[in-house]
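To start, the structure itself, in structure tokens.
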Amino acid sequence: MTTERHSDDIQPGSVVNPMHRRLAFSSLIMGGSNIVKAGVQLVSLPLIARFLGPAEYGLYGLAMPAVLLMLTIADSGLGASLARESEDQVDIWSSAFWFVNISGVVLAAGLSGASFIMARVTHEPRLPPIMMSLSLCLVFLTFTVTSNARLTRQGRMGVNSVGEALGTILGAATAIGLALKGAGTWSLVAQTLITFGLRAGFVFAAAPFIPKFHFSLKDLRSHLRVGGSILGSRLVATGGKTAESTLIVRLATTNFLGVYSFANQAPMYICETISNALWAVLYSQGVLTQDDAVIQRTYNAVVRVFALSVFPTVVLIAAQAHALVLDLLGPHWLPAVPIMQILLVTYAIAVSGTFGSALLYARGKTFIQLQIVIEAAILRIICVAALPWIGILGMAICLGAINVYFGTRSIFSVQKYLGYKAIPQIRVVMAPAAASLIAGLLSWYIGTQTPASIWWTILNMALCALVYGIVLALTEYQAVINDIVSLRRLMGRNKNVQAT
């Protein structure tokens, strides 16, 4: 049997493992694709929100949590667990294929039926046709679960990101066109369907899997056990969002739900643009590598890259959130500003702490993350339910505190159960956090002294981004140089890869 010799320390002249290089290349592809996707979303999201208004956007926000809940259930957690299985086990992969695809069809039918109940509960008669259309996303997702798992196992996670980026571009263009023609919520429905459909076709074409006519739950027992905890975490998180949306409709209005949904989505889009790619790389490393020293270094590097790129972005946007929302969306979206400002910063902190879940999943310790997600979901629901007493600002502060708790709890859980030290994760984000804070405060001050104009806002943010880079270079010059050198060595071509 031929195996690759691993070179864990990437030193000058050392052998570079082809899988390490493939993972690094995939991370670059994913990062690039996600940056393109983020750019499209940053342009399209304000435009669509402006054309639709809070009420139409809120109707979509009411439908999507239930759809996301079904999307979470659809793969039964098998997608992540299956990547740990050898591709030679065709019977297991075939059983998984039939299981998730049948589940997708059944859940799509269930979602369509549930839409009539939701319509009565929320007093929104337009919900059923919207949710029935969005149920097709379940079929698109389940069709590519096995293909996605094969790509992860092969270290080719970038394919998914490229497909999603293409779907995002086409979907956004379609949504803007339909919104201009007065399609309302249906412009967002079309965008979602195009994004899911194009990504599904792209992923299956890259890693097609033709199953045997074989199905056995016994073959899937171990994967269903691991996947059950993964599924539980997703269910709790998505179910919590559905409960939050329902509470807000009951306690406030659909209009405010649109504001709340936008304030939540903006931080999520920005953070997950980078985090999804990095999480996939860390998970793949955890699956393919057993060397704890290598994984610890990868873990540290992933958290650092996220902090270097996302922290300044969220802080600068938070500093100029009022001007950006007013200029890009209009005054009727201003209630979203305080929620968005707090969630931008605290959601980034939460995500920086949750990369360890990739390692927990790779090691089969999925119950830990489930427990943390349950705690956070309960706290969030209590916070939203207290809206009539604590007000919008109080709710935003409460949600921000929960985000910080969630991230911190995740970091120390990885140390407790896997032994990967938490202090390095905190240390590597301190300099980016401090530099981002300095740039954000400067941006806020400049904003108070300059005319209210979108061009002044853009110039302000660009200048302060430069300040961030200068501060970081002065405080972490050698560390940044080491990061660049390590990346070049990892990505460098090495013809002397040895095999035994």
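The values are calculated or read from the model by the stated rules, or taken from the named source; none is laboratory data. Keep in mind it's a predicted model, so treat the numbers as computed, not measured. Cβ placement follows ideal geometry from the backbone for every residue including glycine, while neighbour counts extend to all protein chains displayed.
Tabulated data
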item	result
Some residue of the range 373-390 being surrounded by fewer than 16 Cβ atoms within 10 Å (Cβ to Cβ) and in contact with a Leu (Cβ under 8 Å, 6 or more places away or on another chain)	yes
Test: Phe143 is within 18 Å of Phe196 (Cα to Cα) and not β-branched (Val, Ile, Thr)	yes
Test: residue in the range 23-31 that is within 24 Å of the chain's Cα centre (by Cα) and modelled with pLDDT of 70 or more	yes
Count - residues of the range 397-412 that are over 11 Å from Glu375 (Cα atoms), surrounded by fewer than 21 Cβ atoms within 10 Å (Cβ to Cβ) and either without any contact (Cβ under 8 Å) to a residue 40 or more places away in the chain or of a type in the set (S, T, N, Q) (or both)	3
Failed item in (1) more than 23 Å from Gly58 (Cα to Cα); (2) surrounded by fewer than 18 Cβ atoms within 10 Å (Cβ to Cβ), with Ala350 passing the rest	(2)
Selection within the range 379-396 - part of a helix (DSSP H, G or I) and either of a type in the set (Lys, Arg) or without any contact (Cβ under 8 Å) to a residue 40 or more places away in the chain (or both)	Leu379, Arg380, Ile382, Cys383, Trp389, Ile390, Gly391, Gly394
Tyr420 being of a type in the set (Ser, Thr, Tyr) and outside any helix (DSSP H, G or I)	yes
Enumeration of residues in the range 74-92 that are part of a helix (DSSP H, G or I) and out of contact with any helix residue (DSSP H, G or I) (no Cβ under 6 Å at 6 or more places or on another chain)	Val90, Asp91, Ile92
Any hit, the range 257-266, residues being part of a helix (DSSP H, G or I) and either surrounded by fewer than 21 Cβ atoms within 10 Å (Cβ to Cβ) or among the basic types (Lys, Arg) (or both)	yes
Some residue of the range 128-146 being more than 21 Å from Trp279 (Cβ to Cβ), without any contact (Cβ under 8 Å) to a residue 24 or more places away in the chain, in a helix (DSSP H, G or I) and of a type outside the set (A, V, I, L, M)	yes
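Okay, residues lined up against (1) in a helix (DSSP H, G or I); (2) under 26 Å from Val281 (Cβ atoms); (3) at pLDDT below 80:
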| position | (1), (2), (3) |
| --- | --- |
| Leu151 | yes, yes, no |
| Gly155 | no, yes, yes |
| Ser161 | yes, yes, yes |
| Gly171 | yes, yes, no |
| Ala190 | yes, no, no |
| Leu193 | yes, no, no |
